[in-house]
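The values are calculated or read from the model by the stated rules, or taken from the named source; none is laboratory data. Please read these numbers as outputs of a predicted model, since none were measured by experiment. Methodologically, a virtual Cβ is constructed for each residue, glycine included, from the backbone with ideal geometry; neighbour enumeration extends over all protein chains shown. Surface areas here come from the heavy atoms of the whole protein model, side chains and all, with no ligands, DNA or RNA. Shrake-Rupley method; radii C 1.70, N 1.55, O 1.52, S 1.80 Å.
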Amino acid sequence: MAGYDLIGDVHGCGATLIALLEKLGYREQGGVYRHPERKVIFLGDLIDRGPRIRLAVRVARRMVEAGQAYIVMGNHEHNALAYTHPAPPGSNKRWLREHTPRHNRIMEDTLAQYRDYTNEWDDTLAWFKTLPLFLEIDGIRVVHACWDEALIEQLKARFPDGRIDTRFLVESTDPSTQAYEIIDRLTRGANIPLPSGVAIQSGDGYTRQSFRAHFWAAQPEQWGDVVFQPDNLPGELEKRPLSHSERQRLSYYGPEQPPLFIGHYWCEGIPALPTQNIACLDYSAVKYGRLVAYRWNGERQLSADNFTWIQVVKDDRG
């Protein structure tokens, strides 16, 4: 095998996914997209927001089950599991993830597209639960949002292959648990709260009281050293010093570590590498950005020349 093609957050852009696979040289054979020399690794977040969610899931799942692809769980797959799983007896809520207006909005498109396919939806949820939270394969690492070595070692102690069970899923919605900390960091990354009364009106239509922070600054001093999202911080907040407690919240992935591939952070513009050993592949496809792949051929030092993408235009989002 020549290498892997790592694909960022699809978010229901099923037709665009097929176009990208075909651009990468994959062809459908027996209902499965295959390449004679390569395999795909999906970085999670197949669902929500896009127009062809069932198609995206079907294409990826068939590839995974046929041995033509790997996948890790994204925060949207975890959210779907928690949203649809009853809370344990004695709880003061009905579902693990409460059906608030915000959570309903996140799930709206997925539930609508599966509404007439309830058996398929139930089977899809069961498949989501089998997805690992991380991969270490042939010298590369893959996680949806953040590689935190200590938390991954804790996860391995319970689940060596990174695949969780129902008990862990239940625990992962309780902020006081180790399971919550693991899921939150690996699938959502680090978030730093904004000052009281300050909010970001995000490009995806949500109001946020925190910002997403990256994990490859060796000695960050201020908020601008770690912010990693398209939305600018309000006012002069990029110059705000990081407090000791904020630094303690951050993970760190050094340049000596193996190549790492992440999604999650809805980057914009032409794909670029934040460091020589980290590639983020989420370029906001569902928001008319790019569905991005990285063609890894065994290199230890990553190259921006290995990005391939499909530009999603408003009349062609799929």
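Some points to look at:
- All of (1) touching a residue at least 12 places away in the same chain (Cβ under 8 Å); (2) touching an Asp or Glu at 6+ places or on another chain (Cβ under 9 Å); (3) open to solvent by 60 Å² or more (accessible area, probe 1.4 Å) hold for R102 with one exception: (2).
- Those residues of region 90-99 which are open to solvent by less than 50 Å² (accessible area, probe 1.4 Å) and either of a type in the set (A, V, I, L, M) or modelled with pLDDT under 90 (or both), in sequence order: S91, L96
- The lone exception for L302 - which of (1) farther than 14 Å from F228 by Cβ; (2) not in a loop (DSSP other than H, G, I, E, B) it fails: (2)
- For region 182-195, residues that are surrounded by fewer than 16 Cβ atoms within 10 Å (Cβ to Cβ) and in a helix (DSSP H, G or I) total 0.
- A count restricted to region 31-63 and to residues that are closer than 15 Å to I18 by Cα and open to solvent by 10 Å² or more (accessible area, probe 1.4 Å) stands at 14.
Let's see how each residue does on (1) free of Cβ contacts under 8 Å to residues at least 24 places away in the same chain; (2) not in a loop (DSSP other than H, G, I, E, B):
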{"position": "G197", "(1), (2)": "yes, no"}
{"position": "R212", "(1), (2)": "no, yes"}
{"position": "W216", "(1), (2)": "no, no"}
{"position": "P220", "(1), (2)": "no, no"}
{"position": "G224", "(1), (2)": "yes, yes"}
{"position": "P230", "(1), (2)": "no, no"}
{"position": "P234", "(1), (2)": "no, no"}
{"position": "E238", "(1), (2)": "yes, yes"}
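- Considering only residues in region 287-315 that are in contact with a Ser or Thr (Cβ under 9 Å, 6 or more places away or on another chain) and open to solvent by less than 30 Å² (accessible area, probe 1.4 Å), the one that is farthest from I47 (Cα to Cα) turns out to be L302.
- In region 270-284, residue farthest from the chain's Cα centre (by Cα) [restricted to those that are of a type in the set (V, I, T) and closer than 19 Å to W309 by Cα]: I270
- Residue list for region 1-46, restricted to those being of a type in the set (S, T, N, Q) and either part of a loop (DSSP other than H, G, I, E, B) or touching a Gly at 6+ places or on another chain (Cβ under 9 Å) (or both): T16
- Residue pairs whose Cβ atoms lie under 8 Å apart, sitting 6 or more positions apart in sequence or on different chains, and linking a residue in region 150-165 that is within 18 Å of I71 (Cβ to Cβ) to a partner that is open to solvent by 60 Å² or more (accessible area, probe 1.4 Å) and part of a loop (DSSP other than H, G, I, E, B), are F159/D165; R163/T130.
- Filtering region 256-269 to residues that are under 25 Å from W309 (Cβ atoms), surrounded by fewer than 15 Cβ atoms within 10 Å (Cβ to Cβ) and at pLDDT 95 or above leaves only P258.
- Filter result for L169 (out of contact with any Asp or Glu (no Cβ under 7 Å at 6 or more places or on another chain), open to solvent by less than 10 Å² (accessible area, probe 1.4 Å), assigned to a helix (DSSP H, G or I) and in contact (Cβ under 8 Å) with a residue 12 or more places away in the chain): yes
- Criterion violated by D282 - all others in (1) open to solvent by 30 Å² or more (accessible area, probe 1.4 Å); (2) closer than 30 Å to M1 by Cα; (3) among the charged types (D, E, K, R) satisfied: (1)
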